[in-house]
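Please treat every number below as a calculation from the coordinates, not as lab data. Quantities reported herein were computed from a predicted structural model and do not represent experimental measurements. All Cβ positions, even for glycine, are placed from backbone atoms using ideal geometry, and neighbour counts span all protein chains on display.
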Amino acid sequence: MNAIAIHFPRGAVPASRFHRSLWLAAAAALLAAGLAGRPALAQGEAGPPAGDVLARYQVRHVHAMTIEQELKQRVAALERQDAVLSAQSTQLQQRLGDSLKRRQASDDAIRRLEAEAAAKQQLVNDAHARMGQLQRNREAIEQRIRDNKDKEWTCYVPFAQIYCLAADLIGQRNALGEQWRQVVVHLQALERESAHANARLAELRRERQAVDAERGRVQVEVDASVQRLKVVHAELASSREAHQRHRTSLDSFSTELKLVETLPPSERAGVIERRMTRLDAQLASEMGQACTLFTGGGAPLPEPVRQACTLV
């Protein structure tokens, strides 16, 4: 009996993954049914015609095409996933860069304000020191005024004004008091400025803490994104390699199968024995490795693909 030939006219294979796989599986089922319907050989009969042997390779071809389509879809899906993750990673890297810039700007502002706050605090300290000195001078004059209290009468004796110190000391005391009040006013202004600078400094430090917290969160996201990309890159590389090997093996197998199908049935057996057996083993090996990739989790395999992997 002649071989059961499977042809794929242009436009006959549906475009969608599900319908294409279903169509390929149906073709494989028809070939398998054709083989199953043949009667078994009685003892002593000649071996099966070349067409029967060829049909087995045609079934292999259909299953290999089903797996090839699944590999192609897998590579395309991983490429899309890689593109999405790469874009997300780029955005996260930009956020991290912006966060680092904000941290640098915050550090610069804090350093400037720390220097300003330190300078204002020094002015406050100087004003306190000036007030202390004025207070000590005033207390010294007060003591001199008390010490010279008993000499006030000399202020009214001609040529004895040299002993009239109280009036001059009181004038000095009043001048010191005025200076002290001016320093107090200046000190209060300095203290307000210093308090404002310290409040602003505390606010900037809180903002820097918030920037650090955000940078930490973004860094965690960046690290996770990098890990996801590594996984996807590895899966994509292995899937591309498997697809390329499978495609090369399938192309060789398809070319040889077409050649055998054009031969007269009487000439097929020798060609199959010499050439198809090796190509079949190689293609079966590539199909098995491809199916190993499919078992890594994720969505369940379409039934035609699962069946093709089961029969490898």
**Item:** Sites residue 170 and residue 115, calculated FRET efficiency, Cβ-Cβ separation with R0 51 Å, nearest 0.05
**Value:** 0.70
**Request:** First measure r as the distance between the Cβ atoms of residue 278 and residue 82, then evaluate 1/(1 + (r/R0)^6) with R0 = 30 Å and state the FRET efficiency to the nearest 0.05.
**Result:** 0.25
**Asked** Going toward the positive end of the dipole of segment 47-148, with +1 on Lys and Arg Cβ and -1 on Asp and Glu Cβ, which of 59, 94, 148 do you reach last?
**Response** 148
**Asked** Along segment 202-209, what does the Karplus equation 6.51 cos²θ - 1.76 cosθ + 1.60 (θ = phi - 60°) give for ³J(HN,Hα), rounded to whole Hz, x for Gly and Pro?
**Response** 4, 5, 5, 5, 5, 4, 5, 4
**Request:** Could you calculate the FRET efficiency of residue 271 with residue 240 from 1/(1 + (r/R0)^6), where r is the beta carbon distance between them and R0 is 41 Å, rounded to 0.05?
**Result:** 0.80
**Complete:** Here the tail fraction of P(r) beyond 12 Å, over all Cα-Cα pairs of segment 67-107, rounds in percent to 68 percent
